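Below is one structure, written out as structure tokens; comments come after it.
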Amino acid sequence: MKAFITGGTGFIGSHLVDRLLADNAGELRCMVRAQERWLTGKSYTRVSAGLHDVDTIAEALEGVDVLFHTAGVVKARDTRTFHQVNVEATENLLRLAMRKGVPKVVILSSQAAAGPSFNKPVEETMPMMPVSRYGESKKRMEEMIHQVAGEGISVSIIRPSSVYGPREEDIYTIFKIAAKGIFPIIGKAPGKPISLVHVRDVVEGSLLAAADRTPGVQTWFISSERGYSWHEIAEATQMALGKKLTKIHVPESWVSRVGTIAETGASFFGKYPVLNRDKAAEMVLSWVCSVEKARIELGYQPSVSLQEGIRETIAWYKTHNWL
């Protein structure tokens with residue numbers, strides 16, 4: 001197999017590369033814009049390009065069997081940046097893949113595109129109702145894919161829930177706070193439910209999707225079997241850290257204010273914080289999705305339990321001096 005991977009230097013993409021190398025999957029071509037980061041010292045063909053470098057990418061797609069598109073923007077100051085990277089760049093990539101005759105494309109979307117859950121887990125057939133600019137950009141990306149994908153190509157859209165694991169830098173903030181003995185829970189006990197998925201399960205779901213060659217566009221949620229309360233997550237974190245945590249319940253009304261203050265304060269230093277207004281809008285809601293479609297159609301089965309995943313993740317953070 002010849003695979004081309006965007007976002008291979010990032011969190012999910014680097015784990016995908018690790019798995020493909022471990023499986024001796026064949027030739028790997030990875031797009032690297034600047035630093036190799038997690039790809040340093042690994043065996044792959046470097047494609048020095050950004051998402052908008054059409055000519056370089058077109059050349060790299062020659063003879064490719066499967067394109068894994070894991071690159072994207074998760075946080076940005078403005079809607080335009082989200083659109084340029086998550087929608088426009090994805091469209092350019094998809095059109096290039098079709099032009100070069102790439103038979104299979106796997107594109108990473110997000111549960112944020114579908115929106116929060118209310119009375120039941122979100123399913124693929126439900127209307128998409130994102131609540132953040134990031135989620136809206138992923139929704140528009142998915143809509144574009146359905147419009148652009150032509151006959152003769154198989155496109156898989158993967159919607160992971162919140163992804164955690166070694167190398168992750170956003171949910172990591174919660175573990176960093178927990179390491180100081182405090183675990184914040186939004187709202188009343190036990191906290192709103194959320195689907196979490198370990199990065200290894202996201203990679204497994206992506207590979208199962210890559211093996212599916214059904215023509216047209218298919219969409220799957222990839223996540224844990226059920227949603228977890230933040231109380232459960234706190235308990236698993238406490239066990240992994242080996243220390244008792246003080247659970248502090250944060251009123252939902254405070255979250256938006258904190259997000260606004262953090263975003264405003266960070267702007268003075270030219271930064272954009274993990275907790276921002278967009279993220280605050282998502283944090284006060286329930287985020288549970290169903291993996292039944294992926295189970296039936298792909299044979300997907302999440303393999304990493306919450307306790308095992310958090311234990312492994314925190315051990316990695318400690319080993320690499322993140323905690």
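Each reported figure results from applying straightforward, stated rules to the coordinates on display, with no laboratory input. Worth saying up front: this structure is predicted, and the values here are computed from it rather than measured. As a convention, Cβ positions derive from the backbone with ideal geometry for all residues, glycine included, and neighbour counts pool all protein chains shown.
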Note to self: Given a 10 angstrom Cα cut-off, can you work out which residue in Lys247, Lys104, Lys188 is the most mobile in a GNM of the chain?
What the structure shows: Lys188
Next item on the list: Work out, step by step, the length gained on full extension between Lys318 and Ala34: first 0.36 nm times the residue separation, then minus their alpha carbon distance; give nm to one decimal.
Entry: 99.6 nm
Check: Of all DSSP beta bridges in the chain, what percent run antiparallel (nearest 5)?
Finding: 5 percent
Next item on the list: With label points built 7 Å along Cα→Cβ from the Cα atoms of Glu151 and Asn92, find their separation and express it in nm.
Entry: 3.0 nm
Item checked: Cα centroid of segment 31-78 to Cα centroid of segment 132-149, whole Å -> 20 Å
Note to self: Output needed: percent of Cα pairs per 10 Å distance bin for segment 192-255, bins running from 0 to the one holding the longest distance.
What the structure shows: 16, 33, 28, 15, 8, 0
Margin query: Modelling each spin label as a point 7 Å along the Cα-to-Cβ direction, I'd like the Lys180/Asn119 distance in nm, to one decimal.
Written below: 4.2 nm
Margin query: From the helices alone, meaning DSSP H stretches of at least four residues, give me the mean residue ellipticity at 222 nm for the chain, per-run term -39500 (n - 2.57), in deg cm²/dmol to the nearest 500.
Written below: -12000 deg cm²/dmol
Next item on the list: Collect residues whose amide H, placed 1.01 Å from N in the peptide plane, falls under 5 Å from the amide H of Asp53; neighbours closer than 5 in sequence don't count.
Entry: none
Note to self: So, R0 is 25 Å and r is the distance between the beta-carbons of Met239 and Leu21; what FRET efficiency does that work out to, to 0.05?
What the structure shows: 0.20
Check: Tell me, in nm to one decimal, what length is gained between Thr173 and Ile296 on full extension, where the rule is 0.36 nm per residue of separation less the Cα-Cα distance?
Finding: 40.8 nm
Check: For the chain, modelled as a Gaussian network with Cα springs under 10 Å, which listed residue fluctuates most, Val163, Val47, Val250?
Finding: Val250
Checklist line | Projected-area mean, segment 27-115, by convex hull of Cα positions, square nanometres | finding: 6.6 nm²
Notebook entry, point to check: Can you pull the semi-axes for the chain, root of five times each eigenvalue of the Cα gyration tensor, sorted largest first, whole Å?
Noted result: 32, 21, 20
Note to self: Between Thr45 and Lys188, what is the label-point separation in nm under the 7 Å Cα-to-beta-carbon projection?
What the structure shows: 5.9 nm
Checklist line | Listed residue pairs exceeding 32 Å between alpha carbons, taken from Lys42/Lys176; Lys75/Lys104; Lys244/Lys293; Lys120/Lys180; Lys139/Lys192 | finding: Lys244/Lys293; Lys120/Lys180
Check: Across the Cα atoms of segment 57-199, what radius of gyration and what greatest pairwise Cα-Cα distance (Dmax) are found, in Å?
Finding: 17.5, 55
